[in-house]
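The structure under discussion appears below in the form of structure tokens.
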Amino acid sequence: MTRRKFLGTTIAGGATVLAGTVFQKLALAVTSSATPTTFQMGGDLSVNRLGFGAMRLTGQGIWGWPPDRENAKKVLRRAVDLGVNLIDTADAYGPETDELLIAEALYPYPKGLVIATKGGLTRPGPGSWVPNCRPEYLSQCVDKSLKRLKLERIDVYQLHTVDRKVPIEESVGALKAARDAGKIRHVGLSNVTTQEIDRAKKILPIVSVQNRYNITDRESEDVLRYCEKEKMGFLPWAPVGGSGRSSLTKGGNPLEVEAKRHNVSAVQLALAWLLQKSPVMLPIPGTSSLAHLEENMAAAKLQLSPDDWKRIELTKS
């Protein structure tokens with residue numbers, strides 16, 4: 001969701017007040033449901049299905065350190081306090097600063113915390129993203145991420161994109177070598193098609209896929225269905241539409257009327273929809289605001305009735 005700046009001297013108190021209000025509102029909207037709250041990633045990593053995407057804990061253009069570094073660390077710690085045990089990042093966020101920030105805030109890591117990072121995109125400048133998935137480069141990326149995150153092994157390492165200049169078999173081959181060396185526990189993919197997943201799976205097991213997906217952008221529906229069939233985690237990036245015109249944080253969005261009917265925000269409704277859309281869905285909403293973090297995490301309390309589902313499922317951009 002888009003991020004607003006809060007005064008550092010009042011944010012903690014403001015977030016606490018908002019959290020109480022948010023949870024009270026959601027309590028009125030909750031219905032009984034058997035929606036699972038955890039997912040077994042790779043068969044041996046139990047993660048709470050609503051995670052945290054750390055990309056927004058950087059400077060403008062996903063570049064450099066955040067303007068308020070201490071607040072960014074507070075957000076990470078609060079996310080863990082609220083039950084997050086899956087944090088998604090990448091070496092390209094900052095670049096590098098996001099991984100360093102996670103280690104500053106959370107090391108030594110709580111037991112059971114899964115940090116999923118990515119490699120394969122370079123950053124020539126703010127707002128610029130250039131693929132480099134050559135095996136030798138990816139091998140260096142893994143080693144550098146291990147050092148920045150202060151880890152001996154990365155639980156989930158994701159190929160950030162597919163480099164059209166490099167066959168995906170060669171890229172994931174480098175990650176297989178890192179896994180065989182004990183540097184990676186599991187491998188995931190990002191920004192891929194079902195055909196590319198098939199090709200990668202011939203080299204090594206794939207435990208997760210991270211593609212753009214939200215209630216108004218379902219272009220990766222076939223990839224989601226593939227993940228369901230194969231029991232792979234699906235991490236939707238931009239789960240509430242990103243920060244552009246399609247953001248569900250903006251007025252006049254297609255969920256606004258339904259959200260008011262439930263007495264919750266459109267963002268919370270969008271996250272609840274994702275969680276009930278599929279048992280393999282692992283949303284990773286990100287924010288640099290403590291108040292918005294509280295709001296996002298409260299969405300896990302909201303359960304949609306069959307009638308609610310029908311109305312929301314038909315939502316168009």
*asked:* Just to make sure I understand: if all protein chains stay in place, what is the order of ASP217, ASP98, ASP198 by accessible area at 1.4 Å, largest first?
replied: ASP198, ASP217, ASP98
*Fraction of the pair-distance distribution of the stretch 264-317 above 18 Å, Cα-Cα pairs, percent*: 31
*Selection from ALA266, SER46, ALA90, by position along the positive dipole direction of the chain (Cβ)*: ALA266
*Would you grab the residues whose amide H sits under 5 Å from the one on SER190? Only those 5+ places off in sequence or on another chain, please, with H modelled 1.01 Å from N.*
LEU159, THR161, GLN210
*At a probe size of 1.4 Å, how large is the accessible area of MET232, to the nearest 10 Å²?*
0
_Taking θ = phi - 60°, what integer Hz values does the Karplus form 6.51 cos²θ - 1.76 cosθ + 1.60 yield along the stretch 117-125, in sequence order, with x for Gly and Pro?_
10, 9, x, x, 10, 9, 10, x, x
*Above-threshold pairs, the threshold being 32 Å between Cα atoms, out of LYS201/LYS301; LYS229/LYS301; LYS74/LYS183*: LYS201/LYS301
*asked:* Below 8 Å, C-alpha to C-alpha, sequence gap of six or more: please give me the relative contact order for the stretch 143-262 in percent.
replied: 19
*Would you kindly find the accessible area of GLU170, with a 1.4 Å probe and non-protein molecules such as ligands, DNA and RNA excluded, rounding to the nearest 10 Å²?*
100
*Quote the accessible area belonging to PHE234 in square angstrom, nearest 10, computed with a 1.4 Å probe and with ligands, DNA and RNA left uncounted.*
0
*Which of the aspartates and glutamates could a cross-linker bridge to LYS176, judged by Cα under 19 Å and excluding same-chain residues fewer than eight apart?*
ASP44, ASP91, GLU136, ASP143, GLU152, ASP155, ASP163, GLU196, ASP198
*Note the direction-averaged projected area, equal to a quarter of the hull surface, for the Cα convex hull of the stretch 60-213, in nm².*
9.0
_Probe 1.4 Å, accessible area per residue of the stretch 47-131, Å²_ = 37
_Cα point-scatterer Debye curve for the chain, base-10 log of I(q)/I(0) at q = 0.12, 0.15 Å⁻¹_ = -0.78, -1.24
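If you take the alpha carbon radius of gyration of the stretch 133-205 and divide it by 2.2 N^0.38 Å, what ratio comes out, to two decimals?
That works out to 1.02 for the stretch 133-205.
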_Need the list of aspartates and glutamates near LYS73 for cross-linking: C-alpha distance under 14 angstrom, and skip anything on the same chain fewer than eight residues off._
ASP81, ASP98, GLU99, GLU104
*Straight distance only, please: which lysines reach the Cα of LYS165 with their own Cα at less than 19 Å, same-chain residues fewer than 8 apart left out?*
LYS118
*Rounded to two decimals, what ratio of Rg to Rh does the stretch 183-317 give with C-alpha atoms and a Kirkwood Rh?*
1.00
_How large a share of the accessible area of the stretch 141-236, in percent, is made up of carbon and sulfur atoms when the probe is 1.4 Å and the other protein chains stay in place?_
47
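Normalising by the residue count of the stretch 42-166, find the relative contact order in percent from Cα pairs under 8 Å and 6+ residues apart.
24
The values are calculated or read from the model by the stated rules, or taken from the named source; none is laboratory data. Just so we're clear, the structure is a prediction, and the values are computed from it rather than from any experiment. Ideal geometry is used to build each Cβ from the backbone, glycine not excepted, and the neighbour counts take in all protein chains shown. Surface areas here come from the heavy atoms of the whole protein model, side chains and all, with no ligands, DNA or RNA. Shrake-Rupley method; radii C 1.70, N 1.55, O 1.52, S 1.80 Å.
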